[in-house]
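Heads up, the thing below is written out as structure tokens.
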Amino acid sequence: MGTFETVNPGNQPVWINTNNCKACDICVSVCPAGVLGMVYSDLSTLGAMITIDHPEACIGCNDCELNCPDFAIFVADKQEFKAAGHSFAKLTDEAKTRQEAIVANNYMSLNQGA
Ligand code: SF4
Ligand code: SF4
């Protein structure tokens, strides 16, 4: 855990500044693709932290970045990402179903449980 860059730390579709995250769940709630989730964390004063469980499913919609009130989550620039030989995913039924399950799990990562 712990990337603090506001520039892409290494060809990631989406990345986090864990110093800024206030564990508000907003990015998790707006992601259409089940990419994000919250995990319990002793390192956070709020007891939770955002995590990126499924970067491969990120569609590059930017909704997480646009809705984060604390500038804590960033999405790769489409042109730069493509130029680096990567592409964002298409939104699949599997991703939509996973997102529904994450919302039903109170935005907690499905890898951790509620
Ligand atoms: S919207 Fe921003 S502050 Fe809120 S959980 Fe997501 S990354 Fe953290
Ligand atoms: S860019 Fe869109 S799909 Fe990717 S993590 Fe953010 S909200 Fe989810």
Exercise for the section: Would you confirm whether any residue within the range 88-105 is hydroxyl-bearing (Ser, Thr, Tyr), at pLDDT 95 or above and within 14 Å of ligand 1 (Cβ to nearest atom)? Expected result: no
Problem - Which numbered condition Ile52 misses (of (1) touching a helix residue (DSSP H, G or I) at 6+ places or on another chain (Cβ under 9 Å); (2) crowded, with 16+ Cβ neighbours inside 10 Å) - result: (1)
Handout entry: Members of the range 17-38 found to be β-branched (Val, Ile, Thr) and modelled with pLDDT of 95 or more, listed by number
Key = Ile26, Val28, Val30, Val35
Handout entry: Of residues in the range 97-114 being on the phi < 0 side of the Ramachandran plot and part of a loop (DSSP other than H, G, I, E, B), the one surrounded by the most Cβ atoms within 10 Å (Cβ to Cβ)
Key = Ser109
Handout entry: Subset of the range 42-57 [more than 14 Å from ligand 1 (Cβ to nearest atom) and under 16 Å from the mean Cα position of the chain (by Cα)]
Key = His54, Pro55, Glu56, Ala57
Fill in the blank from the handout: Ile16 vs (1) farther than 18 Å from Thr97 by Cα; (2) among the hydrophobic types (A, V, I, L, M, F, W, C); (3) free of Cβ contacts under 8 Å to residues at least 40 places away in the same chain; (4) surrounded by 14 or more Cβ atoms within 10 Å (Cβ to Cβ): all pass except (3)
Problem - Close pairs (6 angstrom Cβ cut-off, 6 or more residues apart or separate chains): closer than 14 Å to Val103 by Cβ and within 13 Å of ligand 2 (Cβ to nearest atom) in the range 26-54, in a strand (DSSP E or B) and among the hydroxyl-bearing types (Ser, Thr, Tyr) anywhere - result: Gly37/Thr51
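The values are calculated or read from the model by the stated rules, or taken from the named source; none is laboratory data. Quick caveat: nothing in here was measured; it's all calculated off a predicted structure. Using ideal geometry, Cβ is built from the backbone for each residue, glycine included, and neighbour counts are taken over all protein chains shown.
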